[in-house]
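The structure appears below as C-alpha cells.
Readers should treat all values here as calculations from the given coordinates under stated rules, not as data from a laboratory. All figures in this text were calculated on a predicted structure; none of them were measured in a lab. Glycine gets a Cβ as well: all are built from the backbone with ideal geometry, and neighbour counts include every protein chain shown.
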Ligand SMILES: Nc1nc2c(ncn2[C@@H]2O[C@H](COP(=O)(O)OP(=O)(O)OP(=O)(O)O)[C@@H](O)[C@H]2O)c(=O)[nH]1
C-alpha cells in the first residue's frame, strides 16, 4: 500500500508519557498543524517530514493510550483511526509504535494489539537511557527478529536513534510480522467471525477487516461510546452479549493470553537486575510522599504557584490594560466622535483587552503544569490528595485545576485536560466557577465595608467575612461535585488508576511549546467568543442612545437599563432595586464590571480603580421611595452571596463551551449556578428580614 | 480455610503473586491491561499519607490505585 501512495501516512502510537510528542516534534521539526477531531476535544496533530531518501512523508500523532479497548474519547479516536473508521482521517499506511523502554512490558501490550490489526509497524524503544540507567539490558536484534518488525532504540531528548527511525521509515515494510495474536479457542474464533459478519453488514467495520478488528468495537468501555453510531451500538451490544454468554470472561482471557506471550518474549530479550537498586525516584518519593513532608512540600509548591498566578500575573495584566487604554485614548482623540468610534474604543479595543488580560495567568499556570507534568511531580500531587478528593467523588487529578480556579476559572478549566476520566473532568469544569476567583474581589471589596462600616467592625471581622465567602463557595463546589456524582453522572464510574512515572529533569523546549499551544488555542478559539459576547453586552448598555443625556441617564435608557427595570420584580424579593438590576445584567460580562457600572449608574466620579470610597458613600445614601436605605447590611450580604454562586462571566461560558464542545454544558452550568445564586440570595434576604435585620 | 489475602491488605514493602481477579469488571480489565494478570508478582511500594491510594510495582512499572479496586485482587498465600 505504501508503494502506491506517493506520500505514505505514518501514525505515531504509544502509551501516555512515552515521549511521543518529543519524537513527533523531532521528526516534523515543527512542520505541524494542531486541530481538533470534529465533535470531541481530542487534539489532532498532523505534520510532514522528509525521509532519509528525500521523500516526503506524512505523519499523524494519535492520542496516547494504554489499550485499543477504548475507555475515553481519546482512546476511541486512536482505535477508529487505526481501524480506518473515520471519514476525516485516512487509515494510516504504517504505524510507528513508541514504547517506553523503562516500562517495556506494559508498553508492549499496545503493540500486540496494533500488530493484531495487521498494520505494518516500526517499534521504537524510547527512553533507552532511562532503561540503561536502571541496568536493564534489552536485546534489540533478538526482539526485532522475534517480532519480525524493525526495532529502533531511541533517546528522543538527545536525538539518538532519529536517523535510524527515518531510515526505517523510508524502507518499505517487511512482508509480515512474525507476531501472532494469541491462539484463540476455535469456538471463540467462530463466534468472533460471526460478529464480524454482523458488524460488516451494519457498516460498522470495513469489509476487509481483520478477524480481531470488530473486537475492539465490541469491547468498547467508553461511557459515551464516542465514535460509535447509535445504529451500530445495538448490534455491538448484541454481539457482546452473545460472546459473553458463550465465553464468560473472554475479554479478560484475551488480556491474560497477550501478557503471557509478552512475558515469554521479555524472558528472551530483557535482562533486569534481580534486586533493583535505590533510584533517585525512590529517594525523592521518600520525601514528597512522606506522611508529613509530603503534605508540607505540596503545600509549599501550591502556595508558590498560587501566589504567582494570583499576584505576579497582575504586573503584565496591568501593562496590557494600560496599553489598551492608551490605544483607546489615542483612537478617541484621532477619530471623529460617533457610533463607529464608540464601537472601536469601548467595544472592540476593550473586548480584545478583556481577552488578552487572561494571558498572563494562562501562561504562568500552564508553564507550571508543564513543569510538574514533565518532572513527574503532578502524579505525586494527585497521589497525595486523592483520598481527600474522593470524599466528594472526584479523583486526585481534579485538585490542581480546581485550585487554579481560585485565581481564575478560565485557566483552571483549561487545565482540566489533565484529568483523563471524562466524568471527573466534566464535574470539575462544572464546579470550577464556584471557587471564588480574583474577579470577585472588587465586588467583595466594595460591599464588605458597606456592610460593616469602619466604626462598627475591625479589619479582622471584615477579613473573616471575606473568608466566609471563600468558604461558602468551596463548600458549594464540594456539595455540587457530590450531587452531580450521585445524579447526572451516576453509573459513569471510572476507577482511579494513576501512573507514577520516574522523576525527570524537565525539557524546557517541550514545556514552552506546550504553553504556546495553549495560549494560542485560547486566543483563537475562546477569544473570539469572549470578544463577541463582550461587544454584545457593550452594545446593550449603549443603545438606544439618548441624545444630550448624561452617562447615568444614558445607561438607564439603554437596553441593559430597561432590562434592569424589567427584572426589578424578579430581584425585588432579594432586596434589589432596578439600578442593582442593571449592575447584575452588565456584570454578566465579568463580575468586577459591577463596580464600574454602579459608578456610572449613580454618576459617581469613578476615579481610580482602587478608590471606591465615593461610590461607597453614594451607596450609603441610596434610599427606597419610602426612605429605607437600599444598601442595608442584609442587601449587601445577599448581593455577595449572589456573586459567590452566579456565573457572571462570559469568558468562563466561552471556555466551557470550548472545552466541552457543546453549548449544552455551559448553559446547564449557567442555569444551575444562577439558579442557586438566586435562591440563596433570596433565602438570605427573606430570612434576614424575617429575623428583623 | 482462611479467605485468600487481598492486594488491599498487603503491607507496604511486601510482594506477592496475583492468584485471581474476578472477570467482567471494566475497572479490573483496565488493570489487567496494565499488566496485573493472575500469575504476576506485585509489590506494594507505599500507601498515600491518608491511607489511600496504594502505590504498587508491577513488571517494573509503578501504578497507584484505590483500595476499592485492590480489594478485588486475590493474592496467592506465600
Ligand atoms: N530521559 C529521556 N526522557 C525523554 C525521552 N523522550 C522523551 N523524554 C521526556 O519524557 C517526557 C514526556 O515526553 P512527551 O513527548 O511529552 O510524551 P508524550 O508521550 O507525548 O506524553 P503525553 O503527551 O502525555 O501523551 C518529557 O519530559 C520528555 O522530555 C528519552 O528518550 N529519554
Practice problem: Give the distance, in whole Å, between the Cα centre of the stretch A:332-355 and the Cα centre of the stretch A:398-465. | Solution: 31 Å
Quiz item: Taking the Cα atoms of the stretch A:280-410 alone, what are Rg (to one decimal) and Dmax (as a whole number) in Å?
Solution: 20.9, 69
Quiz prompt | Rounded if a/c under 1.5, otherwise prolate or oblate - the stretch A:186-246, Cα gyration tensor axes | solution = oblate
Exercise. Using only the Cα atoms of chain A, construct the convex hull and provide its projected area averaged over every direction, in square nanometres to one decimal.
Key: 36.1 nm²
Quiz item: Over the Cα atoms of the stretch A:228-311, what is the Rg over Rh ratio if Rh follows Kirkwood?
Solution: 1.29
Quiz item: What average count of beta carbons from other chains do you get within 10 Å of the Cβ of residues in B:61-70?
Solution: 6
Quiz item: Can you put A:85, A:79, A:618 in order, fewest other beta carbons within 10 Å first?
Solution: A:618, A:85, A:79
Practice problem: With everything on Cα atoms, drop me the angle between helix A:230-246 and the longest principal axis of chain A, reported from 0 to 90° to the nearest 10. | Solution: 50 degrees
Exercise. Decide, for the stretch A:363-427, between rounded, prolate and oblate: order the square roots of the alpha carbon gyration tensor eigenvalues as a ≥ b ≥ c, take rounded if a/c falls under 1.5, and otherwise choose prolate if a/b is larger than b/c, else oblate.
Key: oblate
Quiz item: Taking neighbour Cβ counts within 10 Å as the exposure measure, how do A:335, A:127, A:598 sort from fewest upward?
Solution: A:335, A:598, A:127
Practice problem: Calculate the spin-label point distance for residue A:260 paired with residue A:686, positioning each point 7 Å from the Cα along the beta-carbon direction, and give it in nanometres. | Solution: 6.8 nm
Quiz item: So how long is each side of the stretch B:7-75 along the principal axes, counting just the alpha-carbon atoms, biggest first, in Å?
Solution: 31, 20, 19
Quiz item: Per residue of the protein assembly as shown, what 222 nm ellipticity follows from adding -39500 (n - 2.57) for every DSSP H run with n ≥ 4, rounded to the nearest 500?
Solution: -16000 deg cm²/dmol
Quiz item: By count of other Cβ within 10 Å, fewest leading, how are A:689, A:542 ordered?
Solution: A:689, A:542
Quiz item: Rounded if a/c is under 1.5, else prolate if a/b is larger than b/c, else oblate: which is the stretch A:263-308, with a ≥ b ≥ c the root eigenvalues of its Cα gyration tensor?
Solution: prolate
